[in-house]
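As structure tokens, the structure follows; a few thoughts come after it.
A short reminder: the numbers here are calculations on the coordinates, not readings from a lab. In this text the structure is predicted, and so the values were computed from the model without any measurement. Here the Cβ is made from the backbone with ideal geometry for all residues, glycine too, and neighbour counts use every protein chain on show.
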């Protein structure tokens with residue numbers, strides 16, 4: 001007995017991971033439906049010089065392309081982001097349990113340090129990149145393509161096929177994967193750490209179990225974690241969006257992420273790495289709040 005009795009059995013851990021994956025998938029659907037209109041404005045501001053700001057972008061998209069344009073490219077993220085958020089939560093809780101097991105063996109207590117929370121979130125982000133890099137590339141291509149008869153792609157499958165045909169799967173479909181790895185590790189390390197810190201502090205302050213924190217507070221802390229995520233990782237996201245909306249062959253502006261960073265700095269200065277941060281932060285609060293609240297409620301329902 002002793003310490004070994006406190007450790008999760010492998011079967012229980014596997015079942016727990018399946019539940020984490022399912023809850024994350026449900027949260028991912030909520031995330032896309034809440035955030036897609038904000039996301040298309042963010043991407044347009046990041047990748048073009050056609051708009052003076054977020055309100056101008058929203059107004060002109062509505063006027064020239066119609067209200068459904070705010071959900072351009074939604075099919076890919078609706079399927080894909082559900083899978084991505086599933087991996088994020090599954091990966092985070094898997095890594096967290098590994099740390100809990102190690103901590104229990106070493107000190108008799110499972111509690112994670114905040115460095116371990118960050119490492120668990122970074123692990124989740126890195127695991128997620130395999131899915132998120134091509135999914136976001138396809139979404140950005142669909143969001144930034146010309147409207148109407150001049151459109152380049154007839155949907156996500158056609159877009160995936162054409163991107164792969166240009167330079168192969170790795171250099172075509174997975175363009176920008178390197179900077180996506182950096183963004184995802186930093187973003188989800190900060191995201192989960194911020195949320196766990198706020199939840200733990202609330203439970204400690206009110207002398208309750210973490211699972212007894214109200215859903216309203218879960219949503220609030222999730223929303224604040226979303227703000228922290230984007231503030232911590234936004235410059236990486238700008239470089240990624242520029243690479244993934246860049247042309248191919250003679251129309252290509254950037255050789256790689258480093259070249260994109262240098263040219264953005266030279267042309268726009270530090271402000272170039274924060275274009276679109278306004279609508280992104282407006283989006284972050286409700287989207288991240290909805291994601292965490294949905295995941296937490298789902299987890300409580302399925303046990």
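Can you give the alpha-carbon Rg of the range 242-303 over 2.2 N^0.38 Å, where N counts its residues?
Compactness ratio reported: 1.77.
Mind ordering 33-44, 271-282 by average Cβ neighbours within 10 Å, highest first?
Sorting 33-44, 271-282 by mean packing, highest first, produces 33-44, 271-282.
Give me the distance in nm between label points sitting 7 Å out from Cα along the Cα-to-Cβ direction at residue 231 and residue 18, one decimal.
4.1 nm
For residue 98 and residue 56, compute 0.36 nm times the residue count separating them, minus their Cα-Cα distance, and round to one decimal in nm.
Stretched out fully, the residue 98 to residue 56 stretch lengthens by 10.3 nm.
So for the range 3-302, averaging the separation of alpha carbon pairs under 8 Å that are six or more residues apart and normalising by length, what relative contact order in percent results?
Reported relative contact order: 25 percent.
Among 137-143, 199-205, how do they line up by average Cβ neighbours within 10 Å per residue, starting with the highest?
Answer by packing, highest mean first, reads 137-143, 199-205.
With no solvent and one point on each alpha carbon, what is the Debye value of log10 I(q)/I(0) for the chain at q = 0.07, 0.08, 0.16 Å⁻¹?
At q = 0.07, 0.08, 0.16 Å⁻¹ the computed log10 ratios are -0.29, -0.37, -1.32.
What does the convex hull of the Cα atoms come to per residue for the range 87-171, in Å³?
Considering the Cα atoms of the range 87-171, their hull volume per residue is 111 Å³.
Run the simple label-point estimate for residue 267 and residue 212 please: 7 Å along Cα→C-beta, distance reported in nm.
Going from the residue 267 label point to the residue 212 one covers 5.6 nm.
If you count, for each residue, the other Cβ atoms within 10 Å and average over each peptide, how do 228-241, 253-266 line up from highest to lowest?
Ranking the peptides 228-241, 253-266 by packing returns 228-241, 253-266.
Averaged over all directions, how much area does the convex hull of the C-alpha atoms of the range 10-109 cover when projected, in nm²?
One quarter of the hull surface, i.e. the mean projection, equals 8.9 nm².
Roughly how many whole Å is it from the C-alpha centroid of the range 142-188 to that of the range 205-264?
17 Å
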